[in-house]
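For reference, the structure discussed in these notes is given below.
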Amino acid sequence: RIRHSLAVKQLQYPFQQRMLRRYRKIMILSAFVIIILLVIIVAWVRGEYSYWAALTAVAVIGIVGVSAAEIRYLMQLSREAQDMGDLVDQISAVREGDMEAPLYLPEDSDLHDAVTNLNEIQGGMKEAIKEQLQSERMKVELIANVSHDIKTPLTSIISYVELLKEEEGLPDHVKDYISILESKSQRLKTMVQDVFEVSKAASGELPVKLETIDFAKLLRQTMADMEEEIHSSCVTVRAQIPEEEEFIRADGQRLYRVFQNLIQNALKYSLDGSRVYIALKREDGMLTASVTNTSADELDGSIDYTARFTRGDSSRTDGGSGLGLSIARSFTEACGGTFRIAIIADLFTAYVTFKAVSPEE
């Protein structure tokens, strides 16, 4: 009862003090035994043999007491080591995203309070993740509903613009107005669709159909479909794509959109007269496609250009929405690839990487 009472009393001290107090007890007992042994040695040197038996008995009692205390402390240390190991494993599990299994230790454990705090943090993170997922679902639903509500009148606007274009005898300034209406309405239609798709991709709800595709062929096809845009631009495009087949697992339609956005971004924002390089390389079982261009505007390396609605220059009036690179990253990651950007001075490079597979896969 006394030992249990003392053990409970020890729990009121911080963890570090409890450890120090136990070390202190061992040191005091060890010092007591050393003093007794010194007394025995002094008595033996002086020839006081009459005290030998008594001193030997005291020494044996002291040694046994210290040994018992050390054994008791080693048992506590073993238990504390086990508790520490369980706590470290639990921290690793939480770091890996396991929010379901809390850790429980006895109330008399020195780490009981730390484990309780960790369990509360784990529960809080679980609730936060749950609320975040619910918020993302609501956001996607809201964007889907708003997009649908916008599409209906927007489709009518586009249809009426087409009808106006067919009218004969309209003044030139009216034709200019109709042309502006057509351009702006098509831009709005594209922006609404982009916002909808990037939101679904960010929430993990973007439908993706994975299949084995030829990465090199997809790049060549994208460039061929954009040949008119490339020729009408003020830059020269250089392709470094191998002739042999290079297979990956991805959604061809989504990946086509990725490189369409990257090439359009390079054509639109490159320095006039510069060159754009499109390359595909294999290294360590990975296939990496890159699009490199020299920016006409100075680049800020601290900006995350893949964030939604992020633009290199806020004063631009070229009609860009700031979603091109965000869509490229979201679609790449949805297909299981990695997307990254490297900026060296005014040199801008986007990398899209996938694991190479065999045609059978």
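The values are calculated or read from the model by the stated rules, or taken from the named source; none is laboratory data. Computed from a predicted structure; not experimentally measured. Virtual Cβ from ideal backbone geometry, glycine too; neighbours counted across all protein chains shown.
What is the residue count in the stretch 182-237 for residues that are part of a loop (DSSP other than H, G, I, E, B), of a type outside the set (A, V, I, L, M, F, W, C) and more than 28 Å from the chain's Cα centre (by Cα)?
Of the residues in the stretch 182-237, 1 are part of a loop (DSSP other than H, G, I, E, B), of a type outside the set (A, V, I, L, M, F, W, C) and more than 28 Å from the chain's Cα centre (by Cα).
Filter the stretch 205-241 down to residues that are touching an Asp or Glu at 6+ places or on another chain (Cβ under 8 Å) and farther than 24 Å from Arg282 by Cβ and give me whichever is modelled with the lowest pLDDT.
Leu206
Looking only at residues in the stretch 264-287 that are outside any helix (DSSP H, G or I) and buried (at least 18 other Cβ atoms within 10 Å of the Cβ), which one is nearest to the chain's Cα centre (by Cα)?
Leu287
Does Glu298 count as surrounded by fewer than 15 Cβ atoms within 10 Å (Cβ to Cβ), over 32 Å from the mean Cα position of the chain (by Cα), not in a helix (DSSP H, G or I) and not assigned by TED's automatic domain parsing to the domain that holds Asp194?
no
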